[in-house]
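Have a look at the structure below before the remarks.
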Amino acid sequence: MAIEGKDERAGGRRIRLGMVGGGQGAFIGGVHRMAARLDDHFELVAGALSSTAEKSKASGKDLGLDPDRCYGSFEEMAEKEAARADGIEAVSIVTPNHVHYPAAKAFLERGIHVICDKPLTSNLEDARKLKAVADKAKAVFVLTHNYTGYPMIRQAREMVAAGKLGQLRVIQAEYAQDWLTEAVEQTGAKQALWRTDPNQSGAGGATGDIGTHAYHLASFVTGLTLKSLAADLDSFVEGRRVDDNGHVLLRFEGGAKGMLWCSQVAPGNENGLKLRVYGTKGGLEWEQENPNYLWFTPFGEQKRLITRNGAGAGASAGRVSRIPGGHPEGYLEAFATIYTEAAHAIRAYQNGSKADPAVVYPTVDDGVKGVAFVEACVASSKQNGAWVNL
């Protein structure tokens, strides 16, 4: 897929990329950098990698960046890079959630394309304001719901759209982890500290961190719009200020029903993202920890295994596969798919054209829906699981 797209580059040149956040000790920043380089469309040239100029320069030195392009704040970076003839063309925002809105706004208003980590923002008000900025901006906005980059997720989406499952009835989504089973945040662990701080993460804990992934994946595959939900959220760890477990009932437009479970206090689960979709003609099952396999069961027939490049796989799966079947592709490749779709969209924008319809990536609209989902879950739970409309 992406490898075949190299000829899109102007004169063979990579897209100049900056990064906000993702400095020393940050997990997701390294993932974004690997994803950006995997298909060779981007080159990292600048960053505001930490909260202070000193830390940012130290992180930039580790990455081999020009010290003059390692900034103390995203505001400084946006202003100075926009003024350079060789300034960044796109920026990755990989900060805690509360920084997403002001950082994305600063770059979008200067015509710099934005690739932003999920959730879109820490609250719905900021999400709506960011959508208004993105809609007016002369730039592309991409949200990294990276699990939509898996070939078998693209395959599932294609099969649903083609009517292979008939009319959809039941959607089951879950994302279970165990890393917050104890009060890890009280040990000073960086990743736990901000994710359990509502001032940085937003009102949702597990719902915002991983529940949004499960919700977006269900929406992406089925194409359904969520109408209302009823949520029961818990903070099982004493003293924790955000939820660490959530059970959510879902009602979709058109009559389909669903259930979503997200938990970060489920011992024995590492990254147990799973999706099951059932309709009048059959069902699909997929799990993130075995991402190269998609199970399809036509009603009344035997269960069938579809693999990335095997029998039954369609064009949408093949388009985002890089290596022959039997050689597993995983998390980093799926993440890289989002970056490469972003590159296709950015190149098309720069050329004054529209990207190929096959190019698919999560948008600012998906981000607003994700934040609305989290806030609806919180509101419902506060009302003892009352149904809340979106």
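Checked against the criterion of being farther than 29 Å from Gly208 by Cα and among the small types (Gly, Ala, Ser), the candidates Gly72, Gly87 yield just one match: Gly87. The residue pairs whose first member lies in region 230-241 and is without any contact (Cβ under 8 Å) to a residue 40 or more places away in the chain, whose second member is crowded, with 19+ Cβ neighbours inside 10 Å and among the acidic types (Asp, Glu), and whose beta carbons are closer than 8 Å, counting only pairs six or more residues apart or on different chains, are Asp234/Asp243; Asp234/Asp244; Ser235/Asp243; Ser235/Asp244; Phe236/Asp244. If you go through region 249-298 and pick out every residue that is small (Gly, Ala, Ser) and under 19 Å from the mean Cα position of the chain (by Cα), you end up with 2. Scanning region 264-304 for residues that are over 26 Å from Gln167 (Cα atoms) and touching a residue at least 40 places away in the same chain (Cβ under 8 Å) returns Gln264, Val265, Ala266, Pro267, Gly268, Asn269, Glu270, Asn271, Gly272.
If the condition is being outside any loop (DSSP other than H, G, I, E, B) and surrounded by fewer than 15 Cβ atoms within 10 Å (Cβ to Cβ), then region 319-343 contributes only Leu332.
Looking across region 194-210, the residues that are assigned to a helix (DSSP H, G or I) and either among the aromatic types (Phe, Trp, Tyr) or more than 17 Å from Asp117 (Cβ to Cβ) (or both) come down to Trp194, Pro198, Asn199.
Hey, does region 142-156 have a residue that's assigned to a helix (DSSP H, G or I), modelled with pLDDT of 95 or more and of a type in the set (Gly, Ala, Ser)? Yes, region 142-156 has at least one match. The number of residues in region 165-179 that are assigned to a loop (DSSP other than H, G, I, E, B), touching a Ser or Thr at 6+ places or on another chain (Cβ under 9 Å) and either surrounded by fewer than 19 Cβ atoms within 10 Å (Cβ to Cβ) or not assigned by TED's automatic domain parsing to the domain that holds Lys303 (or both) comes to 3.
Restricting Ala83, Ala106, Ala78 to those that are surrounded by fewer than 15 Cβ atoms within 10 Å (Cβ to Cβ), more than 16 Å from the chain's Cα centre (by Cα) and not polar (S, T, N, Q) reduces the list to Ala83. The residue that is nearest to Arg322 (Cα to Cα), among those in region 27-56 that are at pLDDT below 95 and surrounded by fewer than 20 Cβ atoms within 10 Å (Cβ to Cβ), is Ile28.
Of the residues in region 180-187, not one is of a type in the set (Gly, Ala, Ser) and either under 30 Å from Arg110 (Cβ atoms) or part of a helix (DSSP H, G or I) (or both). Glu238 passes every criterion in (1) within 15 Å of Thr181 (Cβ to Cβ); (2) under 22 Å from the mean Cα position of the chain (by Cα); (3) surrounded by fewer than 21 Cβ atoms within 10 Å (Cβ to Cβ) apart from (2). With respect to being small (Gly, Ala, Ser), within 19 Å of the chain's Cα centre (by Cα) and on the phi < 0 side of the Ramachandran plot, Ala156 fits the description.
Within region 348-367, is even one residue in contact with a Gly (Cβ under 7 Å, 6 or more places away or on another chain) and hydroxyl-bearing (Ser, Thr, Tyr)? No.
The values are calculated or read from the model by the stated rules, or taken from the named source; none is laboratory data. No experiment lies behind these values; they were computed from the predicted model shown. So basically every Cβ, Gly included, is an ideal-geometry build from the backbone, and we count neighbours across all protein chains shown.
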